[in-house]
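See below for the structure under consideration.
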Amino acid sequence: MKLNRKTVISLLLKALILVFLIVIINTRLSETVVEGTFEKGLVFALLALGIFISFRILDIPDLSVDGTFTLGVAVSVMNAFNGNPIQGILLAILAGGLAGCVTGVLITKFNVQPILAGIITMTALYSINLKIMDRPNISLYRKDTLFTIMEKYFGAHYKLITCGIVVLIAGALMFTFLKTQAGMSLRATGDNEYMVRASSINSDRMKIIGFAIANALVSFSGAMYAQYSSAGDTNSGTGMLVVGLASIIIGEIFFTRHTILNGILAAVFGAIAYRFILAFAMNLGMDSNYTKLFSAIIVVIAISIPAIKNYFTTFYKRVFKKGNGGAVDA
Amino acid sequence: MLKLENVSITFNANTVNERKALRNINLDVKDGDFITVIGSNGAGKSTLMNAISGAYPIDEGSIYLDGKNITSLKEHKRATRIGRLFQDPLRGTAPNMTIEENLGLAYSRGKRRSLMPGIRKKDIGFFREKLSELDLGLEDRMKTPVGLLSGGQRQALTLLMATIVTPKLLLLDEHTAALDPKTAEKVMELTERIVKKDNITTIMITHNINNALKYGNKTLVMSQGKIILEIEGEERKNMTVEKLMKLYSDNADDSMSDKMLL
Ligand SMILES: Nc1ncnc2c1ncn2[C@@H]1O[C@H](COP(=O)(O)OP(=O)(O)OP(=O)(O)O)[C@@H](O)[C@H]1O
Ligand SMILES: [Mg+2]
């Protein structure tokens, strides 16, 4: 990386944000809140990883996320309620993958617009999720969950350790997969479909596989969330797409280069950073009813940063460099 | 080796925009042929390529490759044996993936994409050697995303990708048209070298009549969805750009554009 003024400034800016976050964490948030925020961040990192596959790798918006997250919650909570928490998580991953296949098939085989296909799957899942849970919410109070099982092995910080291991495994698997022949075909499908078909790759099949993996991860996240919070709610998926997108966009501020490793790290650290920003806002007294509004605003701000930057540089030029013309490169 | 029988394609059939892009095309390509195709804009040259590659379904007729009927074979399945270059250099490569990743994808053409590593250690040396044959210095930039390369570099890389697993048939659709004259010449020389070395059966569309006569062993002239002239052998040896223009205006209803004189 060349050390010109621009990169130095952006590095300084990033360092500043990091220091700011750390100071906030140290001074404002209690140790238990910090640990809990990390845990939640890791649970939602799975969600961000899933959305990374559809929105970034395949470059297709998948709006079924809210439905598949709840699907994971429903499958996981029902199985845990009946005494099979681990089976619940595995089945949730499978169910999410299947739901993803449906969206993928709608797009590739039935020529449904991607946005509409996602909405269709989400709407259909709404009924299916209600059917699976049979009532709006279920508590896992005094039931075994993945976490209560792990408590025996990991001691005091069992929740953090469990979440950490799960995300580490998921991230490492994803990284390895995306470097295989199949994974590279998937990436190329999102990058240049003409090239993919001319290279004898079945782009339709790649898209379906991509959606399956993406939604398996989203459902996985929902499954973990249900057992983490020992409760399941048929509305828990609402707004998850925006939360996941916000995480990715925040992460991309720190991991700018478009490599696979950077993408994965951006999703994971973005999800954690998002939770901390949220925790800080609540600490300042934000009503928890506003969390969805809050995540919507974060997405808007993060997406519009380049536009705002642009606006300010032209403004700066107009005011301070009169007569120099607008074509000067900063 | 490649045979087209009565192939027709009509766009927007039964509407005011109906357009017969191919009309009963018959073509017999022999093993080792290097055929050049010329014709005015809208003559149906690209449509012919797309019919052969499977990008467009045909409305009538049949297509055979190596004696097998491939008329209803999907595009990606045909691609196991057909290599292709587009006019637009951006179409042939994945911009966010590195040079070696692009080559890795091309190198597994025709095989099932498995969970094996996308680039194997032992392939890297082979890719490096192939890249150095292009003589563009790309062998030292194997980890560079392809999006950072120039149009000419990308097109040369696409040529390598289309031929790294020797295809049965190579389709080139004005693959040098978007490049500056010097780069175009270089890519054209590369093309000829690779085609000759592996004796690849090739069909090349060009707007450059000089090139159409200079390269290959046979020239097709298309007009309004039909092949109006097939020039080969002695006739082709004695052919000049002027004579060809004269022949064209005698045989076609429209006239060739000035662009083709270049
Ligand atoms: N996808 C399509 N939909 C509708 N019409 C099309 C399509 N593709 C080509 N055509 C029409 O078919 C005719 C033949 O087009 P084609 O692209 O094959 O011409 P060409 O010989 O390659 O011309 P050029 O030299 O400009 O590349 C044109 O009239 C074109 O408008
Ligand atoms: Mg054309």
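The values are calculated or read from the model by the stated rules, or taken from the named source; none is laboratory data. If you're wondering where the values come from, they're calculated on a predicted model, not measured in any experiment. Methodologically, a virtual Cβ is constructed for each residue, glycine included, from the backbone with ideal geometry; neighbour enumeration extends over all protein chains shown. SASA here: full protein model, heavy atoms, side chains in, ligands and nucleic acids out. Shrake-Rupley method; radii C 1.70, N 1.55, O 1.52, S 1.80 Å.
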Surface accessible to a 1.4 Å probe, B:Arg128 within the full protein complex, Å² | 110 Å²
Separation of the B:Asp28 and A:Asn310 label points, Cα + 7 Å toward Cβ, nm = 5.9 nm
From DSSP H assignment alone, runs of 4+ in chain A each adding -39500 (n - 2.57), the sum over residues rounded to the nearest 500 puts [θ] at 222 nm at -25500 deg cm²/dmol
Mind pulling the angle between the C-alpha long axis of helix B:181-198 and the longest principal axis of chain B? Nearest 10 degrees, somewhere in 0 to 90.
-> 80 degrees
Between the stretch A:185-256 and the stretch A:58-106, the Cα center-to-center distance that results, in Å | 12 Å
Hey, can you grab everything whose amide H is under 5 Å from the amide H of B:Thr202? Only 5+ residues off in sequence or another chain; H modelled, so Pro and N-termini drop out.
-> B:Asp33, B:Phe34, B:Ile35, B:Leu170
FRET efficiency for A:Val8 and B:Glu185 from the Cβ-Cβ distance with R0 = 30 Å, rounded to 0.05, comes out at 0.10
Could you grab the relative contact order for chain A? Cα pairs under 8 Å, six or more apart, rounded to a whole percent.
-> 31 percent
Using a ≥ b ≥ c from the Cα gyration tensor of chain A (square roots of the eigenvalues), is it rounded, prolate or oblate, where a/c under 1.5 gives rounded and otherwise the larger of a/b and b/c decides, a/b for prolate?
-> oblate
Which order do B:Met222, A:Met282 take by accessible area at a 1.4 Å probe, largest first?
-> A:Met282, B:Met222
Considering only protein heavy atoms, with the full assembly of protein chains and a 1.4 angstrom probe, order A:Lys14, B:Lys143 by accessible area, largest first.
-> B:Lys143, A:Lys14
Based solely on C-alpha atoms, express the radius of gyration and the Dmax of the stretch A:100-198 in angstrom.
-> 19.9, 57
Counting chymotrypsin sites (Phe, Trp or Tyr not before Pro) as exposed when in a DSSP loop with at most 15 other beta carbons within 10 Å, what is the longest stretch of chain A free of them?
-> A:142-330
Accessible surface of A:Asp233 in the full protein assembly, 1.4 angstrom probe, to the nearest 10 Å²?
-> 60 Å²
Magnitude of the charge dipole, the stretch B:94-166, Cβ model with Lys/Arg +1 and Asp/Glu -1, debye to 20 = 440 debye
The stretch A:18-128: relative contact order from alpha carbon pairs under 8 Å, six or more residues apart, as a whole percent, is 27 percent
Mind grabbing the accessible area of B:Arg193 for me, 1.4 Å probe, Å², rounded to tens?
-> 130 Å²
Chain B: calculated mean residue ellipticity at 222 nm from DSSP helix runs of at least 4, using -39500 (n - 2.57) | -10000 deg cm²/dmol
For the protein assembly as shown, the accessible surface attributable to carbon and sulfur atoms (probe 1.4 angstrom, ligands and nucleic acids excluded) amounts in percent to 59 percent
So how strong a dipole does the protein assembly as shown carry about its Cα centre when Lys and Arg Cβ are +1 and Asp and Glu Cβ are -1, to the nearest 20 debye?
-> 1060 debye
Among A:Ser230, A:Ala48, A:Gln87, flag the residue with its Cα farthest along the positive direction of the charge dipole of the stretch A:33-286, charges on Cβ as +1 for Lys/Arg and -1 for Asp/Glu.
-> A:Gln87
Roughly how many nanometres apart are two label points built 7 Å out from the Cα toward the Cβ at A:Leu284 and A:Arg135?
-> 4.0 nm
Helix A:203-228 sits at what angle to the longest principal axis of chain A, using alpha carbons and giving 0 to 90 degrees rounded to 10?
-> 70 degrees
With axes computed from alpha carbons, what is the tilt in degrees of helix A:291-320 against the longest principal axis of chain A, rounded to the nearest 10 within 0 to 90?
-> 10 degrees
Largest first, what is the accessible-area ranking of A:Ile138, A:Ile305 with a 1.4 Å probe?
-> A:Ile305, A:Ile138
In the A-B interface, the accessible area buried, summed over both sides, Å² (probe 1.4 Å) | 2300 Å²
With a ≥ b ≥ c from the Cα gyration tensor eigenvalues, square-rooted, and the rule rounded for a/c under 1.5, otherwise prolate when a/b > b/c and oblate otherwise, the stretch B:86-168 is rounded
Rounded if a/c under 1.5, otherwise prolate or oblate - the stretch A:1-94, Cα gyration tensor axes | oblate
Simple spin-label model, 7 Å along Cα-to-Cβ: A:Lys292 to B:Arg19 in nm?
-> 4.7 nm
In the protein assembly as shown, with Lys and Arg counted as +1 and Asp and Glu as -1 at Cβ, which of these residues, A:Ile277, A:Ala266, A:Ile209, has the Cα nearest the positive end of the dipole, that is, farthest along it?
-> A:Ile277
Hey, what do the phi angles of the stretch B:244-253 turn into as Karplus ³J(HN,Hα) couplings, whole Hz, using 6.51/-1.76/1.60 and θ = phi - 60°, x for Gly and Pro?
-> 5, 4, 5, 4, 4, 5, 6, 9, 9, 7
How many Å² of accessible area per residue for the protein assembly as shown, probe 1.4 Å?
-> 49 Å²
